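Novice: Structure below; questions to follow.
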Amino acid sequence: MKPEAEPNRLRRKSNPEPFNMVLNTVEEPNNTKQTFFQLLGGEEKGIETIRNLVETFYDIMDSDPKAAGIRAMHKQDLTEAREKLFMFLTGWTGGPQLYIERYGHPMLRARHLPFPIGESERDQWMYCIIKAMHQLAFDETMMTKLATQLYGVADFMRNR
Ligand code: HEM
C-alpha cells in the first residue's frame with residue numbers, strides 16, 4: 001500500500017495548477033472537513049458513483065447535439081477518455097490517486113492545449129456533467145458543490 005504522505009508531497013510541490021486540481025475537501029456545517037470522495041460514499045460506493053458519473057457524462061457527450069462541438073474534439077473511441085477521467089476524478093475528489101500513480105502529475109491544462117477551449121467548450125463540458133448528475137439523481141447540495149468546483153477546473157482549461 002502507498003504511504004499516506006504521497007499525495008501531500010505531491011500537493012506541496014510548486015506547480016502551476018490550483019490546489020483543487022488535485023484534492024477537494026468540503027467544509028461541513030459542523031466544521032469537520034470531508035472529501036467529496038468520503039461524501040460520495042468512500043472506497044466502494046464512491047468509486048462506483050464516480051464510475052457511473054463518468055460513464056453517463058461520456059454517454060451524454062456522445063449523443064447530445066448540444067455537446068457535438070466538444071465530442072468532435074475527442075477520439076472516435078471514448079474508452080481511454082472514460083478510464084482517464086474516472087482515474088482523475090477519483091483522486092481529485094480525495095480518493096486513491098489512480099491517475100497520478102499511473103501517469104504522474106495531471107498537468108491538465110497543458111494536456112488540453114492541443115484543443116481549442118473557449119467559453120462555449122467549457123459550457124458544453126459543464127452541461128454534460130450537470131446533466132449526468134441530474135440523471136443519476138445526485139443530492140442537490142452535492143451537485144451544487146461538485147458543479148462549482150468543476151466549473152473552476154473547466155474554466156481553467158480555457159486557452160482562447
Ligand atoms: C473545458 C472543457 C473541456 C474540454 C473541451 C475537454 C476536452 C478533452 C479532450 C478532447 C481530451 C482528449 C480525449 C481523447 O484522447 O479522446 C481530454 C482529455 C482529458 N480531460 Fe478534458 N476537456 C475539458 C475539461 C476537462 C475537465 C474540467 C477535466 C477534469 C475535471 C478534464 C479531464 C480530462 C482528463 C483527465 C483527460 C485525459 C488526459 C490524458 O491523460 O491524456 N477535462 N479532454
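The values are calculated or read from the model by the stated rules, or taken from the named source; none is laboratory data. Given the structure is predicted, the values throughout are model-derived calculations rather than measurements. Cβ sites come from the backbone with ideal geometry, for glycine too, and all protein chains shown count toward neighbours.
Novice: Do we have residue 79 as of a type outside the set (Gly, Ala, Ser), modelled with pLDDT of 95 or more and on the phi < 0 side of the Ramachandran plot here?
Specialist: Details: of a type outside the set (Gly, Ala, Ser): yes; modelled with pLDDT of 95 or more: yes; on the phi < 0 side of the Ramachandran plot: yes.
The answer is yes for residue 79.
Novice: Moving to a separate point now. Does residue 100 count as of a type in the set (Val, Ile, Thr) and within 18 Å of residue 66 (Cβ to Cβ)?
Specialist: no
Novice: May I pose another question? Restricting segment 60-79 to residues that are within 12 Å of the ligand (Cβ to nearest atom) and acidic (Asp, Glu), which is surrounded by the most Cβ atoms within 10 Å (Cβ to Cβ)?
Specialist: 62
Novice: Something else now. Evaluate the following for residue 133: is it under 21 Å from residue 60 (Cα atoms), near the ligand (Cβ under 8 Å from one of its atoms) and at pLDDT 95 or above? Break it down stepwise before answering.
Specialist: On the way: under 21 Å from residue 60 (Cα atoms): yes; near the ligand (Cβ under 8 Å from one of its atoms): no; at pLDDT 95 or above: yes.
Against the criterion (under 21 Å from residue 60 (Cα atoms), near the ligand (Cβ under 8 Å from one of its atoms) and at pLDDT 95 or above), residue 133 does not qualify.
Novice: Only one of 61, 87, 126 is under 18 Å from residue 149 (Cα atoms) and in contact with a Lys or Arg (Cβ under 9 Å, 6 or more places away or on another chain). Can you tell me which?
Specialist: Sole residue among the options that is under 18 Å from residue 149 (Cα atoms) and in contact with a Lys or Arg (Cβ under 9 Å, 6 or more places away or on another chain): 87.
Novice: With assigned to a helix (DSSP H, G or I) and either within 6 Å of the ligand (Cβ to nearest atom) or at pLDDT below 95 (or both) as the only criterion, which of 115, 88, 57 stands out?
Specialist: Result: 88 is the single residue among 115, 88, 57 that is assigned to a helix (DSSP H, G or I) and either within 6 Å of the ligand (Cβ to nearest atom) or at pLDDT below 95 (or both).
Novice: Would a scan of segment 108-130 turn up a residue that is under 17 Å from residue 155 (Cβ atoms) and among the polar types (S, T, N, Q)?
Specialist: yes
Novice: Got a sec? Which of 151, 103 is within 6 Å of the ligand (Cβ to nearest atom) and out of contact with any Cys (no Cβ under 9 Å at 6 or more places or on another chain)?
Specialist: Being within 6 Å of the ligand (Cβ to nearest atom) and out of contact with any Cys (no Cβ under 9 Å at 6 or more places or on another chain) holds for just one of 151, 103, which is 103.
Novice: Could you give every pair whose Cβ atoms fall below 7 Å, whose first residue belongs to segment 110-128 and is among the polar types (S, T, N, Q), and whose second residue is surrounded by fewer than 17 Cβ atoms within 10 Å (Cβ to Cβ) and at pLDDT 95 or above, counting only separations of at least 6 or pairs across chains?
Specialist: That search, which allows pairs on different chains as well, returns 120/69; 124/66; 124/69.
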